[in-house]
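Below is one structure, written out as C-alpha cells; comments come after it.
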Amino acid sequence: MRGASGPVLLVAALLLLLTACGGGEEDGLELQLAEQNGSGQSGSATLTPAGDGGTTIVVELASPPAEPQPAHVHDGTCDAIGDVVAPLESLVAGGSETIVSLPLEELRRGDLIVHAHKSEAELDVSVACAPIPPGD
C-alpha cells in the first residue's frame, strides 16, 4: 500500500485542481424541471455555453405525449409565467436541443425560467418548469 500513495495523492490533487478550475459557469448548469398541473412530466434542462456567445439548452422530460410540446425560456416565475425570452425546439418524444443566441451569463440574470407547454393547441397548460438561478 505504501507505493500506491503517490499515485493516489496525484489523482486527488488533479481532481481538486479540476474542481477549482472547472466548476464554474463555463461547465454549464443543470436544472430540475418540476411537474405542473398533474402532467406526470418532470425532467431536466441542461444549459451549457455554446460557441459565438450562445447557450445550448437540452430539455428532457419523462412521460412524453405523442404530439410535440412547445418549450421556451420565459420571463417570470413558474407560478407567474411572463413573456417568451427565447423559443426552444419543441420537445419530441420528451426531448429537445436548442442553441439560443443569449450567453449563459444573460440567462442567469434572474427572473427567467425554462418551461414546457402541453401542446401547440394547449399553450396555456404548463407541464413542467424550472427557474434559472441568478449567477454570482
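No value in this document is a laboratory result; all are computed from the given coordinates. Treat the numbers as computed from the prediction; the structure is a model and nothing was measured. In this analysis, Cβ positions are derived from the backbone assuming ideal geometry, glycine residues included, and neighbour counts consider all displayed protein chains.
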Whether the stretch 25-132 is rounded, prolate or oblate, judged on the alpha carbon gyration tensor where a/c under 1.5 counts as rounded: prolate
Efficiency of FRET between Glu120 and Asp52 - r from beta-carbon atoms, R0 30 angstrom, step 0.05: 0.55
Please give the charge dipole size of the stretch 25-132, origin at the Cα centre, charges +1 on K and R Cβ atoms and -1 on D and E Cβ atoms. Round to the nearest 20 debye. 180
In the stretch 71-136, which trypsin sites (Lys or Arg not before Pro) are in a loop and have at most 14 other Cβ atoms within 10 Å, using DSSP for the loop call? Arg109
Please list the non-local residues whose amide H lies under 5 Å from the amide H of Val125, H modeled 1.01 Å from N, same-chain partners needing a gap of 5 or more. Lys118, Ser119
Relative contact order of the stretch 25-132, please, whole-number percent, based on alpha carbon pairs below 8 angstrom and at least 6 residues apart. 30
Per-residue HN-Hα couplings for the stretch 51-62 [Karplus 6.51, -1.76, 1.60; θ = phi - 60°; Hz; x = Gly/Pro]: x, 6, x, x, 9, 8, 10, 10, 10, 9, 10, 7
Residue-span extension gain [Asn37 to Glu105] - 0.36 nm each, minus C-alpha spacing: 21.5 nm
Step through the residues of the stretch 100-109 one at a time and calculate ³J(HN,Hα) from phi using the Karplus curve (6.51 cos²θ - 1.76 cosθ + 1.60, θ = phi - 60°), rounding each to whole Hz and writing x for Gly and Pro. 9, 7, 9, x, 4, 4, 5, 5, 9, 6
Apply the Karplus curve 6.51 cos²θ - 1.76 cosθ + 1.60, θ = phi - 60°, to the phi angles in the stretch 118-128 and return the couplings in whole Hz, x for Gly and Pro. 5, 6, 4, 6, 10, 5, 7, 9, 7, 10, 7
